[in-house]
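One structure is given below, encoded as C-alpha cells.
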Amino acid sequence: MIKPILVIKFGTASITTKSGDLDELVMQDIARQVALIHNHYHIVMVSSGAVAAGKKLLKNYTGTISERKAAAAIGNPLLLNKYAQYFEPYGIYIAQSLCERQHFSNRNQFLQLKKTYEDLWANGIIPIANENDVVSNLELKFSDNDELATLIAVGFGASVLLFSTWVPGVLDKDGKVIPEIKVIDKKALALANKEKSALGLGGMISKLTFARLATRMGIKVVIFGIRTTDGILNAIKEQTGTLCYPQDCAMPARKKWLASGSLVTGSLQIDAGAYKALQNGHSLLAVGVKAIIDKFESGEVFEILDEEKITVAVGRAKVSSDDLAANLKTPKLTIANADDIVLI
C-alpha cells in the first residue's frame, strides 16, 4: 500500500522556551505523537530551532548574518541529537536534510532530493529538513521554513501539511480560533496578526501565504498550536487548530514544481485582457504587458502580476526582459508558452 505523505513544520517558537532554549518536553511529545502515526504516513519534519539552540554558545551574540550562520552550525547537531534521543525509544531513526533554494529551483536536483527521501522512507527513517543556513546565499534563501515545508509538500505530492505554531490556530479579532477557512483569499489573509515571535523569522502571514499555495495545489493544511494536547494527532483528524481546505487540482507534477519550487528571478504586470487569456489556457503575448517590474533572462521563471499588482501566475520566459522591452509592440511575440505558465 502506498502511504500518503505528511509534512509537519515546527517553528522556532514551537520548540523553544521563552528564554530561547530547546523545549525538551515539547520535543519529547513530538516524538511520541509522530511515532503513533509513523506506520501510516511517509513523514517529513521541517524543524527550525538550530539558530536558537546554538546562539547561546556565542559570546556577545547580536544576530548578524555571520553570527546566525555560526549559531546554525553549532545548533544543527544539538537539535538533531535531541530529536534522535527522543525518537530512539520508539525504534525510529531520523536523518538530517539541510536544504538550499537551488535544490528546488533546479528540477534535476529536486528529483534527486525526492529520490533520497523515498530511500529514507523505504527504510523507516524520518528526514528532518532545515535550511542550510551555514552556506545559503542571502539572495537565494527561503523566506522562512514555512516556505521550505510548502515546497516539500507541493513538490513531493503531500496530502497533508501541518504548520505548528505558538498560538492555537488562526485567530479572529476577538482572539478566538477560526476552525476552518474554505478559501484563502484577501479576506482570509487579513486575519493574520502582523506580529511574529521573537525567536523565529515567520508569522501567521507567512503561514497563510504558503497555506494558500499548498491548498491551491490540492493539499490540506492545518495551522495548530503545538502545546495543545495531542496537537499533531488532532490536527490530522481536523479536531484542533484551523483547517484550510484543499482546492481541486489536476495539475501535473512538473507544473506543480514550476509553481512552487522554481526560483523566480523577475516579474511583469499584465492587463486584464492578457489575464483572461491566461485563464483560458493561452500563452502570454507581449501586447498584454503593461510594465516590466524586475528583469529576467530567457529560460528563467518570472512572476506575472495583474492590474492590481497581485501575483496571479508564474511562467518560464522564452525571451529576456530586455528583448521584450525592445519589442513590446511586435505582433504575436510570445513571452511564455501556455505549457510553461501556472496560474496561482
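Could you grab me the full set of residues in the range 47-66 that are in contact with a Gly (Cβ under 9 Å, 6 or more places away or on another chain) and either part of a helix (DSSP H, G or I) or not assigned by TED's automatic domain parsing to the domain that holds N145 (or both)?
A50, V51, A52, A53, G54, K55, K56, L57
Given the criterion at pLDDT 95 or above and either buried (at least 24 other Cβ atoms within 10 Å of the Cβ) or basic (K, R) (or both), identify the matching residue among V51, V34, V44, V26.
Working: V51 fails: at pLDDT 95 or above; V34 fails: either buried (at least 24 other Cβ atoms within 10 Å of the Cβ) or basic (K, R) (or both); V26 fails: either buried (at least 24 other Cβ atoms within 10 Å of the Cβ) or basic (K, R) (or both).
Result: V44 is the single residue among V51, V34, V44, V26 that is at pLDDT 95 or above and either buried (at least 24 other Cβ atoms within 10 Å of the Cβ) or basic (K, R) (or both).
Can you name every residue in the range 295-318 that is crowded, with 21+ Cβ neighbours inside 10 Å and over 21 Å from L213 (Cα atoms)?
F296, A317
Can you tell me which of (1) surrounded by fewer than 20 Cβ atoms within 10 Å (Cβ to Cβ); (2) in a helix (DSSP H, G or I); (3) out of contact with any Ser or Thr (no Cβ under 9 Å at 6 or more places or on another chain); (4) touching a residue at least 40 places away in the same chain (Cβ under 8 Å) is the one Q112 doesn't meet?
Result: Q112 fails condition (4) only.
Say we look at the range 319-335 and pick out the residues that are part of a loop (DSSP other than H, G, I, E, B) and touching a residue at least 40 places away in the same chain (Cβ under 8 Å); which of these is surrounded by the most Cβ atoms within 10 Å (Cβ to Cβ)?
Only one residue tops the list, namely L333.
Among (1) in contact (Cβ under 8 Å) with a residue 60 or more places away in the chain; (2) of a type in the set (S, T, Y); (3) surrounded by fewer than 19 Cβ atoms within 10 Å (Cβ to Cβ), there is one condition T62 misses while meeting the rest; what is its number?
Looking at each condition in turn, T62 falls short on (1).
Could you say whether any residue in the range 69-88 is of a type outside the set (D, E, K, R), surrounded by fewer than 13 Cβ atoms within 10 Å (Cβ to Cβ) and over 25 Å from G231 (Cβ atoms)?
The answer is no, given that none of the residues of the range 69-88 is of a type outside the set (D, E, K, R), surrounded by fewer than 13 Cβ atoms within 10 Å (Cβ to Cβ) and over 25 Å from G231 (Cβ atoms).
When the range 306-343 is examined, which residues are found to be over 28 Å from the mean Cα position of the chain (by Cα) and β-branched (V, I, T)?
V319, T330, T334
Any residue in the range 131-151 that is buried (at least 19 other Cβ atoms within 10 Å of the Cβ), more than 14 Å from the chain's Cα centre (by Cα) and among the aliphatic types (A, V, I, L, M)?
No; the residues of the range 131-151 include none that is buried (at least 19 other Cβ atoms within 10 Å of the Cβ), more than 14 Å from the chain's Cα centre (by Cα) and among the aliphatic types (A, V, I, L, M).
The values are calculated or read from the model by the stated rules, or taken from the named source; none is laboratory data. Remember, predicted model here, so these are calculated numbers, not experimental data. Cβ coordinates were reconstructed from backbone atoms using ideal geometry, including for glycine residues, and neighbour counts include every protein chain displayed.
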